[in-house]
Amino acid sequence: MFRGIKKVSLSTMIWAITPIKSFKRPKSRLGDVLNLEERRVLVKHMLKKILLSQKKSKLFKEYMVVTEDKDVVKYVKDLGFNSLLQKKPGLNQGITEASLKAKKSGAKTILILHGDIPRTNASILKSVTKKHKTLIKEFKKGITISPDSMGEGTNCMICTPPDILKFKYGPGSCLAHMELAHREGIQVRLYRSKRLEFDIDRDSDLTKLIKKSGYTKALDYIKSIQYDGT
């Protein structure tokens, strides 16, 4: 009889990876509505909300923000989370560096979630992870993608193992990831979610977020989140 051997569940070996490029000139497309400092407030608020949602879900062994900016590293540290200052620039580069660090540290799975998806909550993270667990139970490895509202971007992706494929973030990344997975014989599942598909890239996205938050003016909304202690 063997004693002391515990079954390791997928949930104990998942790392959450959140890429965010920089606080220096964030969300420049929103420049007609918000000035630089207001955009920084927005980006910090969204990042903080996502990290706290990840923590509340109790799904993850580790949380890691990957960035090119030392100011992001400091901000994340002050919140009590870990970060990785990437060695070379670029979104795909950063996520690749983070995924390899996670794997070397024992992660069996990573959940990659961008920092500009403000409707993220613990419940939706549990749901998409549950979908992925079903895939892994049957095939042992694979990816689960939650696309943006247009079905073009990859807002959230879960990978088992962490380095299962080469990352193809950028315009049309959802299709690019799916095509690459198909060519390499990797199982893929799509998970569509109103919460995960909603990202903030354009003025119209910001307008929707403001209305959903109960405000009519952008500046009133920014003031409400500036010191809210989310």
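The values are calculated or read from the model by the stated rules, or taken from the named source; none is laboratory data. Predicted model, so just to flag it, every value in this text is computed and none were measured. Methodologically, a virtual Cβ is constructed for each residue, glycine included, from the backbone with ideal geometry; neighbour enumeration extends over all protein chains shown.
Every residue in the stretch 73-119 that is of a type outside the set (Gly, Ala, Ser), assigned to a loop (DSSP other than H, G, I, E, B) and in contact with a strand residue (DSSP E or B) (Cβ under 7 Å, 6 or more places away or on another chain), please.
Of all residues in the stretch 73-119, those of a type outside the set (Gly, Ala, Ser) come to 73-79, 81-82, 84-89, 91-93, 95-97, 100-101, 103-104, 108-114, 116-119.
Okay, now just the ones that are also assigned to a loop (DSSP other than H, G, I, E, B), so 81, 86-89, 108, 114, 116-119.
Residues satisfying the conditions are Phe81, Gln86, Lys108, His114, Ile117.
Among the residues of the stretch 184-230, which ones are surrounded by 14 or more Cβ atoms within 10 Å (Cβ to Cβ), more than 23 Å from the chain's Cα centre (by Cα) and part of a loop (DSSP other than H, G, I, E, B)?
Tyr215
Farther than 15 Å from Glu197 by Cα, buried (at least 21 other Cβ atoms within 10 Å of the Cβ) and of a type in the set (Ser, Thr, Tyr): which single residue out of Thr160, Thr154, Thr144 fits that description?
Numbers: Thr154 fails: farther than 15 Å from Glu197 by Cα; Thr144 fails: farther than 15 Å from Glu197 by Cα.
Going through Thr160, Thr154, Thr144 in turn, the sole match is Thr160.
Scan the stretch 146-158 for residues that are in a strand (DSSP E or B) and over 17 Å from Asn121 (Cα atoms) and report the count. Before the answer, list the steps.
So the first thing to find is which residues in the stretch 146-158 are in a strand (DSSP E or B), and the list is 146-147, 154-158.
Going one step further and asking which of them are over 17 Å from Asn121 (Cα atoms), we end up with 154.
Count: 1.
Scan the stretch 1-31 for residues that are of a type in the set (D, E, K, R) and either modelled with pLDDT of 95 or more or part of a loop (DSSP other than H, G, I, E, B) (or both) and jot them down. Break it down stepwise before answering.
Restricting attention to the stretch 1-31, the residues satisfying the condition of being of a type in the set (D, E, K, R) are 3, 6-7, 21, 24-25, 27, 29.
Answer for the stretch 1-31, where residues must be of a type in the set (D, E, K, R) and either modelled with pLDDT of 95 or more or part of a loop (DSSP other than H, G, I, E, B) (or both): Arg3, Lys6, Lys7, Lys21, Lys24, Arg25, Lys27.
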